[in-house]
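These notes concern the structure reproduced below.
The values are calculated or read from the model by the stated rules, or taken from the named source; none is laboratory data. These numbers were taken from a predicted model, which means no experiment stands behind them. Note that each Cβ is placed from the backbone with ideal geometry, even for glycine, and that neighbours are counted across all protein chains shown. When the accessible area is computed, the model is the full protein with side chains, heavy atoms only, and any ligands, DNA or RNA have been set aside. Shrake-Rupley method; radii C 1.70, N 1.55, O 1.52, S 1.80 Å.
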Amino acid sequence: MVFRHPAERGDKGGSGRFEKVAELASNFTSSAAFSVLCVALVAGFVGVHLAGLPVSWQHLAGDSIGAVSLLLLALLKNAERRAEHAIQRKLDAIAAALLEQQQGRSADAHEDLDSAIRMEERL
């Protein structure tokens, strides 16, 4: 397995299974339902401590909050990388279109720019 930046992979807007799942998870974690779930987890964590339940219950509550935090970190990083890739692709398309315009020729750069501008519709 090779770990490379999405911009270096050469994919032109193709979404794999991971990207689709990450997008769905990102949408869920930004919803009100997920906020309610997080508040319930924190309330459960506090309730376990206030009730004086055995240490195993306290560990379970703490571990569940830790797992949710780790998943959120992974989703945040994935969203950051996708946004970075989209911005870089748009900047590259703008630079290519400006260079073509300055040189007085017309090629594929304007079409690439048009597709890059509409890139967020696919994300």
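Here's a check for you: in the range 43-67, which residue that is among the aliphatic types (A, V, I, L, M) and open to solvent by 80 Å² or more (accessible area, probe 1.4 Å) is nearest to Thr29 (Cα to Cα)?
For the range 43-67, the residue satisfying everything is Leu60.
Could you give me the residue pairs with C-beta distances under 7 Å whose first residue belongs to the range 16-28 and is at negative phi, whose second residue is not in a loop (DSSP other than H, G, I, E, B) wherever it lies, and which are 6+ apart or on separate chains?
These pairs meet every condition: Ala22/Leu75; Ala22/Asn78; Ala25/Leu75; Ser26/Leu75; Ser26/Ala79; Phe28/Phe34.
Would the range 24-40 turn up any residue that is modelled with pLDDT under 85 and within 28 Å of Glu111 (Cβ to Cβ)?
Checked the range 24-40: no residue is modelled with pLDDT under 85 and within 28 Å of Glu111 (Cβ to Cβ).
Can Gln88 be described as in contact with a His (Cβ under 7 Å, 6 or more places away or on another chain), assigned to a helix (DSSP H, G or I), surrounded by 11 or more Cβ atoms within 10 Å (Cβ to Cβ) and of a type outside the set (A, V, I, L, M)?
No, not satisfied.
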